[in-house]
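To keep things clear, I will list the structure first and then write my remarks on it.
The values are calculated or read from the model by the stated rules, or taken from the named source; none is laboratory data. The model shown is predicted, which means the values in this text are computed figures rather than measured ones. Cβ placement follows ideal geometry from the backbone for every residue including glycine, while neighbour counts extend to all protein chains displayed. Just so you know, the surface numbers come from the protein's heavy atoms only, side chains and all, with ligands and any DNA or RNA stripped out. Shrake-Rupley method; radii C 1.70, N 1.55, O 1.52, S 1.80 Å.
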Amino acid sequence: MPGTNLTREEARTRAGLISDVSYAIELDLTTAASGAATFASTTTLTFGAEPGGATFADLIATKVREVTLNGRSLDPDAVYDGARIQLDGLEARNELRVVADCIYSRTGEGLHRSVDPADKETYLYTQFEVPDARRVFTTFEQPDLKAPFTFTVSAPARWVVISNAATPEPTPYKSANGEELARWEFAPTQPISTYITAVIAGPYHVVTDSYEGAYGSYPLALLCRPSLKDSLDTDDVFEVTKQGFELFERAFGTPYPFGKYDQAFVPEYNMGAMENAGCVTLRDEYIFRSRTTHAELESRANTVLHELAHMWFGDLVTMRWWDDLWLNESFAEWASHWAQATATTKYAGAWTTFCNARKNWAYRQDQLPSTHPIAADMVDFHAVEVNFDGITYAKGASVLRQLVAFVGEDTFISALKEYFTDHAFGNTELTDLLKPLEKASGRDLDDWTERWLRTAGVNTLRADFTVDSDGAFESFAIEQTAAEAFPTLRPHRLAVGLYRRTDAGLVRTERFEVDIDGPRTELAELAGATQPDLVLLNDDDLTYAKIRLDERSRETLVDSIDQLSESLPRALAWGATWDMTRDAEMPASQYVGIVLTGIRAETDLTAVRTLLTQATSAINSYAAPEHRAALRPQYEQSVGELMDSAEPGSDHQLAFARAYINGVFSDAGADRLAAWLDDSELPEGLVIDTDLRWTLIVSLARLGRIDADRIDEELTHDTTITGQERAAQARAARPTPEAKAEAWRVAVESEDTPNETQFRTILGFQQPGQEDLLRPYVAKYLTAATDVYTRLGSSMGENVLVYLSPRGLPEQSTLDALSEWLENEAESADAPTLRYVGEARADLIRALEAQKRDAAR
């Protein structure tokens, strides 16, 4: 029995057999607020088929009550195996009707139910990507069987109910016991894939607006729980949304395809957001209830634009199978940053942010044993579920940025217009995109595609040059290397920047844009130029590659990285130093020193946050254990000084305050945090609001300064879902065996823990300085790994396997334990589990090598 998995070959076979699909779905959600475990789902699926053929429909339900195929009543026990309904004796036109009881979820998959402790109300939303529409209605769960969907939803009359189609006027009725109910009968959607359908229901707060554009007017709406309405920044979200609409419609030459555009901020959400057609869901942590920084607003704007871009990349035109997931995610990732840099004024530094944060994600992922080509080999659902990663998103977007540099932006956009026109409401593969790109550019892209999209790994670039007696370059070349396991060398269009010390800092005085390929490319155009203080390869960040610095350039950055006046070259320089640290080419202790010196001049808030996080990782994972006792107080003191010297009330002050709170280890620092919790001895301009209080609570719990009763007391002042989740994190952070045992039970053993509470508990569990408490959990982790992915589901199982992996114990004994487990379980463990444990092992190997380098500094 195949279980809940579906292979690519099975999907191809089914797509070759059936066609012309449509859905009518009735959901009875009137039981949601009563605490009932299930809801009634009735699906009428009509489709064409090869007469006499056989196939199956997908459904995950607690009970199937009726199955009727073309008027024939089928025995559910005979045709339903828990995941599939077998359909034999098909006709040219078929009607399948299935009545089932489906589960209200607490895992964030299917139809998720959340109760807001602030108002005791029930809130529902669906999350279907990759294969979870089948948890709500009967489906053909694959992206290439697009269909119109007609939803009918019954719910309490006072609720708001939205879906992909425009919201109709509900029809009121009363239940047998007199409860005021209503029925929402939505119009059929455009042809879309199952995974981007959606239903959101509950007493949500709604704010409306509209976008007036070249192709017409579209209603806009924002939804959130009433307990968050006062924090909903409607002006900013609507402004960014409208800027995205204007750019995408103009650039893509195709009107927005789904009539209206709702954005619902929902609780306990597993991801950042989801591109349901015309009915986007976003995690409601994007509603900032406390003071936040420009970097966090920029991140939210990027997510808003990412999901809006998906209306074209992914929803209007959808990959045929998940092999081409990158056609959705890489393009939306590229388009969101491009839109920020092009269409917004507040967030125009988007490519610097991309370089500081997203590309580091890609570089790390691309050096793990699980790396894969951008156009990946997705053999089944299990392969798909683990590939929403730094390759599919950030590397794919980086390579698209390289493609734009290669063919030209106008040519690239022109090809996209043709792509959307030719394939609207259809499904595509890589070749369907390449055809208009080759036509518009006049280039044969086969070789480029093969090397960039169909091979894995990241290249490393370094300058090799000679200098004459006058200090000018006699020769200049760029050398390209690749990892032994992934030897492909790629073509790169990139810029070489020459930076010199001036009264205004390190300033670029010359820039050369060049094409390179192969192991060595001679660049005659640089001959005769005077050697600068810094040679920066990949200036302007046009390509995707690790860069290495020559000796003089490295010395310049070590001493003067803060003298780079522009944010993007600083981001590239920071990235090079971090990458060298991870590759054990720079001592971690030196990297920490560079950060604590150079960050004083850093203007980009994403860089500030990223650098402080990386410095912390350098101390806890990459520094030699004997050096940590000195590095931790150095970090604590330096970040405290940065906070104290920052402009009162500024974003920098807040960013440094958060880092300081998380970086305190000393008794004096703990005393200071305790005083802050009592609103005492605060730096001028720093306000301890709700979220910063929880940051303090978690850190004081980590340090053993507060107990469970004090955490519970804090919870009485914040009776929200977020408060409950942060309290769970604080409880898990306490440095006692009892606290760790209870956190482990909540996060790993219990099957009743809500998804976001589990995640916060996991975030609190592994704390630096608690190594003695954590060592016994290496064996517990490996025991749990045998079944946690299937037992808790893909999302919550991934939380355990990734965030509870013993990366926080970078010791040889930890590495040995993981290596032994992988050797013993290679034949029996499921593929996602093997991948995640293998990635943890690779991180440990890297950390131990970096520790050796730091010890030898």
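Roughly speaking, what is the stretch gain from residue 780 to residue 158, that is 0.36 nm per residue apart minus the C-alpha to C-alpha distance, in nm to one decimal? Don't jump to the answer; show the numbers that get you there.
Numbers: separation 622, 0.36 × 622 = 223.92 nm, distance 4.73 nm.
Taking 0.36 nm per residue and subtracting the Cα distance, the gain is 219.2 nm.
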- So, in nm, how far is label residue 474 from label residue 13 when the simple model puts each one 7 Å beyond its Cα toward the Cβ? 6.8 nm
- Going down the table (395/435; 174/260; 242/417; 146/174; 260/417), which pairs top 28 Å between alpha carbons? 174/260; 146/174
- Task: Towards the positive end of the charge dipole of the chain, with charges on Cβ (+1 Lys, Arg; -1 Asp, Glu), say which of 402, 768, 589 has the farthest Cα.
- Result: 768
- Message: Using Stokes-Einstein with the Kirkwood hydrodynamic radius over Cα pairs, what translational diffusion coefficient do you get for the range 332-392 at 25 °C and a viscosity of 0.890 mPa s, in µm²/s rounded to a whole number?
- Response: 188 µm²/s
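How high is the FRET efficiency between residue 790 and residue 187 when r is their beta carbon distance and R₀ equals 35 Å, given to the nearest 0.05?
Once rounded, the FRET efficiency stands at 0.35.
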- So, in nm, how far is label residue 236 from label residue 524 when the simple model puts each one 7 Å beyond its Cα toward the Cβ? 5.3 nm
- Query: Over all pairs of distinct alpha carbons, what does the Kirkwood formula give as the hydrodynamic radius of the range 234-392, in Å?
  - Reply: 16.4 Å
- How large is the Kirkwood hydrodynamic radius of the range 638-700, in angstrom, based on all distinct alpha carbon pairs? 11.4 Å
- Message: Students often forget the sequence filter, so: which lysines lie under 19 Å Cα-Cα from residue 229 once same-chain residues fewer than 8 apart are removed?
- Response: 120
- Which FRET efficiency value, to the nearest 0.05, do you get for residue 467 and residue 559 by plugging their Cβ-Cβ distance into 1/(1 + (r/R0)^6) with R0 = 25 Å? 0.80
- Residue-level accessible surface for residue 66, protein heavy atoms, 1.4 Å, Å²: 80 Å²
- Report P(r) for the range 685-831: all Cα-Cα distances, bin width 5 Å, range 0 to the bin holding the largest distance, values in whole percent. 2, 10, 19, 20, 19, 14, 9, 4, 3, 1, 0, 0
- Expressed in angstrom and rounded, the centroid-to-centroid distance over alpha carbons for the range 70-129 and the range 21-69 is 5 Å
- Query: Could you work out Rg/(2.2 N^0.38 Å) for the chain, with Rg from alpha carbons only?
  - Reply: 0.96
- For the modelled label position 7 Å from the Cα of residue 630 along Cα-to-Cβ, which residues of the range 584-598 have backbone nitrogen atoms closer than 17 Å? 587-597
- Using only Cα atoms, locate the centre of the range 382-426 and the centre of the range 179-227, then give the distance between them in Å, rounded to an integer. 28 Å
- Item | Calculated P(r) tail over 20 Å for the range 746-812, as whole % of Cα pairs | 23 percent
- Query: Amide H to amide H under 5 Å from residue 523: which residues, 5+ apart in sequence or cross-chain, H placed 1.01 Å off N in plane?
  - Reply: 476, 477, 478
- Convex hull over the alpha-carbon atoms of the range 559-612: what's its volume per residue in Å³? 68 Å³
- Note on the structure: With label points set 7 Å from each Cα along the Cα-to-Cβ direction at residue 290 and residue 486, the distance between them in nm comes to 3.8 nm
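With all distinct Cα pairs included, what does the Kirkwood hydrodynamic radius of the range 424-581 come out to in Å, to one decimal, could you say? Intermediate results must be reported in sequence, preceding the final value.
Working: mean 1/r = 0.0579 Å⁻¹.
Value: 17.3 Å, from the Cα pair sum.
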- Query: How long is the gain from residue 820 to residue 431 if the chain were fully straight, where each residue apart is worth 0.36 nm and the alpha carbon distance is subtracted?
  - Reply: 135.8 nm
- At 0.36 nm per residue, minus the direct Cα-Cα distance, what do residue 443 and residue 827 gain on full extension? Give it in nm, one decimal, please. 133.7 nm
- Task: State the percent of C-alpha pairs, over all pairs in the range 251-314, separated by a distance greater than 20 angstrom.
- Result: 31 percent
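How would 656, 665 rank on accessible area, largest to smallest, probe 1.4 Å?
Values: 656 10, 665 70 Å².
From most exposed to least exposed: 665, 656.
I want to verify the translational diffusion coefficient of the range 534-663 in µm²/s; compute it with Stokes-Einstein, Rh as the Kirkwood radius over Cα pairs, at 10 °C and 1.306 mPa s. Please report the intermediate quantities before stating the final value.
Working: Rh = 15.0 Å.
Calculated translational D: 106 µm²/s.
Under 1.5 on a/c is rounded, so check that first for the range 684-735, then, if it is not, pick prolate when a/b is larger than b/c and oblate when it is not; a ≥ b ≥ c are the square roots of the alpha carbon gyration tensor eigenvalues.
Values: a/c = 1.93, a/b = 1.18, b/c = 1.64.
Verdict is oblate for the range 684-735.
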- Task: Compute the FRET efficiency between residue 713 and residue 678 as 1/(1 + (r/R0)^6), taking r as their Cβ-Cβ distance and R0 = 22 Å, and round to the nearest 0.05.
- Result: 0.95
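Any idea what % of Cα-Cα pairs in the range 298-344 are farther than 16 Å? Don't jump to the answer; show the numbers that get you there.
Numbers: 358 of 1081 pairs.
I get 33 percent for the Cα pairs in the range 298-344 exceeding 16 Å.
At a 1.4 Å probe, what is the % contribution of carbon and sulfur to the accessible area of the chain?
On the way: 14680 of 30770 Å².
Ligands and nucleic acids excluded, carbon and sulfur give 48 percent.
What value, in deg cm²/dmol to 500, does the helix sum -39500 (n - 2.57) over DSSP H runs of n ≥ 4 give at 222 nm once divided by the residues of the chain? Walk me through the numbers on the way to the answer.
Values: 30 runs with 346 residues, N = 857.
Estimated from H runs of four or more residues: -12500 deg cm²/dmol.
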- Share, in percent, of DSSP beta bridges within the chain that are antiparallel, nearest 5: 80 percent
- Task: Specify the inter-centroid distance of the range 771-791 and the range 285-353, based on alpha-carbon positions, in whole Å.
- Result: 35 Å
- Sequence neighbours fewer than 8 away in the same chain don't count; with that in mind, list the lysines whose C-alpha is under 19 Å from residue 780. 740
- Value of D in µm² per second that Stokes-Einstein yields for the range 318-473, Kirkwood Rh from Cα pairs, at 4 °C (1.567 mPa s): 76 µm²/s
- Ordered by residue, what ³J(HN,Hα) values in Hz, to whole numbers, does the range 423-434 give under the Karplus form 6.51 cos²θ - 1.76 cosθ + 1.60, where θ = phi - 60° and Gly and Pro are x? 10, 4, 6, x, 10, 9, 10, 3, 4, 5, 7, 5
